[in-house]
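As structure tokens, the structure follows; a few thoughts come after it.
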Amino acid sequence: MRMIDIIEKKKKGEVLSREEISFFVTGYTKGEIPDYQASAFTMAVLFQGLNKEETAILTDCMMHSGDVIDLSAIEGVKVDKHSTGGVGDKTSLVLGPLVASCGAKVAKMSGRGLGHTGGTLDKLESIRGMSVSLSREAFIEQVSRDGIAIIGQTGDLVPADKKLYALRDVTATVDSIPLIASSIMSKKLASGSDTILLDVKFGSGAFMKTLEDAVTLASAMVEIGKSLGRDTRAVITDMDQPLGFAVGNIVEVKEAVETLRGRGPKDLEELCVSLGAIMLDQAGIEHDPDKAKALLRQKIANGEAYAKLKAMVRAQGGDTSQLDDPSRFTDVAGAQAVYAPKTGYIHAIEALTVGEVAMHLGAGRATKEDTIDMAAGVVLHKKIGDFVKEGDVLATVYTNKEEISPIIDMFTRAFVIRDGAAKQNPLIYTVIE
Ligand code: URA
């Protein structure tokens, strides 16, 4: 078999066989197929697409290009959820402990933030002492005992995707639905959970800008999961404004704690309860959505969900006294208010800009090598639909940087203020099963 023939075939829009797809994935991972042929291939895929079967085969081959985690030693249904990335998206910090407090097993591998989106690992590491690298044995033991662990990738998971994603990033071939879907799903499938819930966000702060694209991506991922025998569902959710009020690391951990204690922002709580109800159905714990939501709310009200977060943080070496008393977060940054430039209703809060503002304040990384200022970030005081008077405080920014007036200007422009009441977007658009 020759790579040039496979490229030629895809260039003409023909369907590839399992052997051909496997030849590409194995050869590229081992370094036997050069980058120039892999980039020609991904460009051919970008233009000609892959059918459902080809996409599932590509995912399967990528998933098996490295370690596949075996979680069978943990009793019960292991549930996982993945967000395609958003601004202020601290859902995993709330949802993980919440469903674990209902009896689901959460053995989660998360990632770090890059660009305008934050990462769960960075947020967790803003808690003093918290470790996100556990041995495979410690990970399994903790999930069996506490019901939850959230760590960074262990072992050599999906090396094919590491190479291919880096190549796509520099060859303008990221935005191909079958390539995105197989990239995300190969990693989720390799990390071993029995069920997968995908939170596919769309809007200004998301990877997918339109509802149509989000539905197409979600459907492709659900198809892959199903054809590879995993209970996979997707929820399409709004990312036209940040989720909750906080964007950063310490500020998001504080907001997650508040939410688990029943005092968080309504949108974040609603999203976590809705996603949680689907996960409890997947876990076989409660199939009736209303009863599942009631159970989740009960776990927030009776403190069990928050106790789960603390159990996880304690087990991973973190200082739980910071969670009980947020003034114990000793990393502090200077605070500055952002004021409304005019009177009116807030019609939009450009999530992408807010994410970039947080990154420029020090809360995120422009490149993988950048270090993060855990205390930096923003806290909104207003959301879409709120009425503001000129001079009202729209948000507070936290930073250790000195010259931030251009960042404040950029942030102020993210708020679209107009006369007349604003339309509220639904938080959840649709569920794809
Ligand atoms: N996220 C991924 O993990 N892969 C992609 O291809 C795009 C976004």
- Message: What's the whole-number percent of alpha carbon pairs in the stretch 106-178 lying beyond 18 angstrom?
- Response: 54
- Message: Pairs of alpha-carbon atoms within less than 8 angstrom and 6+ residues apart define the contacts here; what relative contact order does the chain have, in percent?
- Response: 19
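Report the Stokes-Einstein translational diffusion coefficient (µm² s⁻¹, integer) for the stretch 1-82, Rh taken as the Kirkwood radius over Cα pairs, at 4 °C with viscosity 1.567 mPa s. Present the calculation step by step, with values, prior to reporting the outcome.
Numbers: Rh = 14.2 Å.
Translational diffusion coefficient: 92 µm²/s.
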- Task: Counting only heavy atoms of the protein chains, get the accessible area per residue of the stretch 280-390 (1.4 Å probe) and round it to a whole Å² value.
- Result: 47
- Message: For A246, what residues show an amide H to amide H distance below 5 Å, using hydrogens built from the backbone and excluding near sequence neighbours?
- Response: L380
- Note on the structure: For the chain, the percent of accessible surface on carbon and sulfur atoms (probe 1.4 angstrom, ligands and nucleic acids excluded) is 51
- Rounded accessible area per residue of the stretch 3-63, 1.4 Å, Å²: 48
- Message: About the Cα centre, and with charges only on the beta carbon of Lys, Arg (+1) and Asp, Glu (-1), how big is the dipole of the stretch 330-418? Nearest 20 debye, please.
- Response: 400
- Query: Which whole-Hz ³J(HN,Hα) couplings does the stretch 144-149 yield from phi under the Karplus relation 6.51 cos²θ - 1.76 cosθ + 1.60, θ = phi - 60°, glycine and proline marked x?
  - Reply: 5, 7, 9, x, 7, 8
- Per residue of the chain, what 222 nm ellipticity follows from adding -39500 (n - 2.57) for every DSSP H run with n ≥ 4, rounded to the nearest 500? -13500 deg cm²/dmol
- Ranked from highest to lowest mean number of other Cβ atoms within 10 Å per residue, what is the order of the peptides 379-387, 287-295? 379-387, 287-295
- Query: Cα-Cα over 21 Å: which of K209/K389; K81/K226; K162/K201; K11/K188; K254/K382; K12/K52?
  - Reply: K209/K389; K162/K201; K11/K188
- Check K209: other-chain or 5+ apart residues with amide H under 5 Å from its amide H, H built from backbone geometry? G203
- Task: Give a residue-ordered list of calculated ³J(HN,Hα) values for the stretch 405-411 (Karplus: 6.51 cos²θ - 1.76 cosθ + 1.60, θ = phi - 60°; whole Hz; x for Gly, Pro).
- Result: 4, x, 6, 5, 4, 4, 5
- Column: log10 I(q)/I(0), Debye, Cα scatterers of the chain, q = 0.09, 0.10 Å⁻¹: -0.57, -0.71
- Task: Enter the mean projected area of the convex hull around the alpha-carbon atoms of the stretch 330-418, in nm², rounded to one decimal.
- Result: 5.7
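Any chance you could run the full-extension gain for T26 through N400? It's 0.36 nm times the residue separation minus the Cα-Cα distance, nm to one decimal.
Here the answer is 130.0 nm.
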- For the chain, what is the charge dipole size about the Cα centre, in debye to the nearest 20, if Lys and Arg each add +1 at the Cβ and Asp and Glu each add -1 at the Cβ? 300
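The values are calculated or read from the model by the stated rules, or taken from the named source; none is laboratory data. As the structure is a prediction and not an experimental result, all values here were calculated from the model. All Cβ positions, glycine included, derive from the backbone under ideal geometry; neighbour counts span all protein chains shown. Ligands, DNA and RNA are stripped out before the accessible areas are found, and what is left, the full protein with its side chains, is counted by its heavy atoms. Shrake-Rupley method; radii C 1.70, N 1.55, O 1.52, S 1.80 Å.
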